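Take a look at the structure set out below.
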Amino acid sequence: MVLFRPFVEEDNATLLEIEKLCPQGNDKIAEAMDKSPDTIARYRLYDNWNVLVAEDEGKIAGWIGWTLKQNLDDSKYGYLTEVIVHPDFRRKRIATELIKRAEMNLKENGAAYTYGYIFEANDASNSMVAKNGYVKVGEMQMQAISAYKKANIFSGTSVRLAERGDIQNILDLINNYNLGRKHFVPYTTESFETHINDIPGYGMDKLWVARSGDEILACAGLWDISTLAKVYYAKEPASMRFLGSVFNFLNRFTAMPKIPAENELFVNQFLTDYALTPEGYNAMSNLIKYLNNNIVDTESIAIVAFLTPDDPMVQVTEKFKPLAETWNIVAKSLDSQDLSLKPLYLDIRDFIM
């Protein structure tokens, strides 16, 4: 008989071990995050979160995590953070029951719908959520810009760390850039201060601006996610293994992008709180080059941006020829209302996956 109960701290080690058995992907490509030593540290980024554990004959069989969020108009919605079931306990409808219980909790707390992200190559998870009533409402790309050599920064804009006196201009820039996007709640000085200080590995010392004269044309921050998780390929594509061997050879003669080996932990920096004016494309390009130069001699191998196709930032990042992976955005109405999540604001906290 399967029992369901809230997560307790003593579950942590077991959940970490199970997560290693459940990478996201298929037999050609699979990715995972090592969240040691605390598998639920990422949940503490949110105000309202829950983790429900499933037990089968005294053994942890799986779990689900979710958060309750709120829009500017006070309407509520849920984010399904993860659903993981140990391979030995699959085909027992445990995942379905976990999802059902999470949805019930969210609905009881006023959520009108729930959403999540599924790696396009994760065939099993895409099938599982579809069977549970979730529909694809859009796509986003995870774009990794390799940081392996210094970039030339063009004249015309200057880049520097943000200062306290810049905050209002930065907030105006971010709020205008994301105006009208679903899930975006405009920042106030107080809410931005809380946001930037409550994310481990982030802060005012990781936020930069690009200016022309005294005008801020672009801003962006870097979040060092290795404070919560390191990434690895549990199944590396054959094409990347080949590139890795070629790049390793060429690296003897010139700087080449780092291609991690299978199961090798690596560090990425997440691009966050980015925004630009309509005239700020070159300024943002210079800013990304500056950030590249800032991390090129560190253990970080890439700057990672999460972008929907309608994000103007795509026109900037495509110039850097990023490695891009597609993730499906899925959602389910909990109140029988029509559901549209376009255009969508991507909450950077959601991407510790």
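The values are calculated or read from the model by the stated rules, or taken from the named source; none is laboratory data. Keep in mind it's a predicted model, so treat the numbers as computed, not measured. Methodologically, a virtual Cβ is constructed for each residue, glycine included, from the backbone with ideal geometry; neighbour enumeration extends over all protein chains shown. Areas reflect the complete protein model, heavy atoms only, side chains present, ligands, DNA and RNA absent. Shrake-Rupley method; radii C 1.70, N 1.55, O 1.52, S 1.80 Å.
Can you check what the net charge comes to around Ser36, using other residues whose Cβ is under 11 Å from the Cβ of Ser36 (Lys, Arg +1; Asp, Glu -1)?
On the way: positive: Lys20, Lys35, Lys230; negative: Glu17, Glu19, Asp34, Asp38.
Local net charge: -1.
Antiparallel DSSP bridges in the chain: what percent, to the nearest 5?
Working: 68 of 76 bridges.
Rounded to the nearest five, the antiparallel share is 90 percent.
Exceeding 23 Å between C-alpha atoms, which entries from my cross-link table qualify? They are Lys107/Lys136; Lys20/Lys182; Lys131/Lys182. Write out the running numbers ahead of the final one.
Working: Lys107/Lys136 20 Å; Lys20/Lys182 33 Å; Lys131/Lys182 25 Å.
In this structure, Lys20/Lys182; Lys131/Lys182 exceed 23 Å between Cα atoms.
Note down the magnitude of the dipole of the chain about its Cα centre, charges +1 on Lys and Arg C-beta and -1 on Asp and Glu C-beta and zero elsewhere, to the nearest 20 debye. Could the numbers behind the result be given before it?
Details: 37 positive and 48 negative charges, 183 e Å.
Here the chain has a charge dipole of around 880 debye.
Where in the stretch 282-300 is the amide nitrogen less than 17 Å from a point lying 7 Å along the Cα-to-Cβ axis of Glu318?
Hits in the stretch 282-300 for Glu318 at 17 Å: 282, 284-285.
Mind checking the per residue accessible area of the chain for me, 1.4 Å probe, whole number of Å²? Let's see the in-between values first.
On the way: 16810 Å² over 353 residues.
Per residue, the chain has an accessible area of 48 Å².
Stokes-Einstein diffusion coefficient for the stretch 184-308 at 20 °C in a medium of 1.002 mPa s, Rh from the Kirkwood formula over Cα pairs: what value in µm²/s? Don't jump to the answer; show the numbers that get you there.
On the way: Rh = 16.6 Å.
My calculation gives 129 µm²/s for D.
Given only helices, namely DSSP H runs of n ≥ 4 each adding -39500 (n - 2.57), what is the per-residue ellipticity at 222 nm of the chain, to the nearest 500 deg cm²/dmol?
Working: 8 runs with 86 residues, N = 353.
Value at 222 nm, helices only: -7500 deg cm²/dmol.
At 20 Å minimum axial length over the Cα atoms and a Kyte-Doolittle cut of -0.5, report the qualifying DSSP H helices in the chain, or say none. Walk me through the numbers before you get to the answer.
Numbers: long enough: 94-108 (21 Å, -0.33); 281-295 (22 Å, -0.30).
Helices meeting the span and hydropathy rule in the chain are 94-108, 281-295.
Using the crude model of +1 on Lys and Arg Cβ and -1 on Asp and Glu Cβ, and no other charge, please compute the dipole size for the stretch 220-350 relative to its Cα centre, in debye to 20. Mind showing how you got there, number by number?
On the way: 11 positive and 16 negative charges, 103 e Å.
About 500 debye.
Under a 1.4 angstrom probe, counting protein chains only, how are Asp123, Asp38 ranked by accessible area, largest first?
Working: Asp123 85, Asp38 40 Å².
Listed by decreasing accessible area, they come as Asp123, Asp38.
Considering only the other residues whose Cβ falls under 15 Å of the Cβ of Phe4, what net charge follows from Lys and Arg at +1 and Asp and Glu at -1? Show your work: numbers first, answer last.
Values: positive: Arg5, Lys59, Lys92, Arg93, Lys100, Arg101; negative: Asp11, Glu55, Asp56, Glu57, Glu97, Glu103.
Net charge around Phe4: 0.
Taking 7 Å along the Cα-to-C-beta vector as the label spot, tell me the Ala261-Asp297 distance in nanometres, rounded to one decimal.
2.7
Solvent-accessible area of Met256, probe 1.4 Å, all protein chains present, reported in Å² to the nearest ten, please.
40
How much net charge surrounds Glu103 when only the other residues with a Cβ under 12 Å from the Cβ of Glu103 are counted, with Lys and Arg +1 and Asp and Glu -1? Walk me through the intermediate numbers first.
Values: positive: Lys100, Arg101, Lys107, Lys332; negative: Glu97, Glu108, Asp335.
Charge balance in the 12 Å sphere: +1.
Which peptide among 284-292, 49-57, 6-14 comes first, and what is the full order, when sorted by highest mean count of other Cβ atoms within 10 Å?
On the way: 284-292: 22.7, 49-57: 18.0, 6-14: 12.9.
Final packing ranking: 284-292, 49-57, 6-14.
Determine how large the accessible area of Ser333 is when every protein chain is in place; take a 1.4 Å probe and give Å² rounded to the nearest 10.
Ser333 has an accessible surface of roughly 40 Å² with all protein chains in place.
Which value, in Å² rounded to 10, gives the accessible area of Ile84 with a 1.4 Å probe and all protein chains present?
In the full protein context, Ile84 sits at about 20 Å².
In nanometres, what is the gap between the two model label sites at Thr188 and Glu215, each 7 Å from Cα along Cα-to-Cβ?
Distance between the two pseudo-spin positions: 3.0 nm.
By the gyration tensor of its Cα atoms, with a ≥ b ≥ c the square roots of the eigenvalues, what is the shape of the stretch 119-166: rounded for a/c under 1.5, prolate for a/b over b/c, or oblate?
Details: a/c = 4.37, a/b = 2.42, b/c = 1.81.
Prolate, since a/c reaches 1.5 and a/b exceeds b/c.
Mean separation of Cα pairs under 8 Å and 6+ residues apart, divided by the residue count of the chain: what relative contact order is that in percent? It would help to have the intermediate numbers written out before the result.
Values: 667 pairs, mean separation 87.9, N = 353.
Taking the mean separation of contacting Cα pairs over the length of the chain, I get 25 percent.
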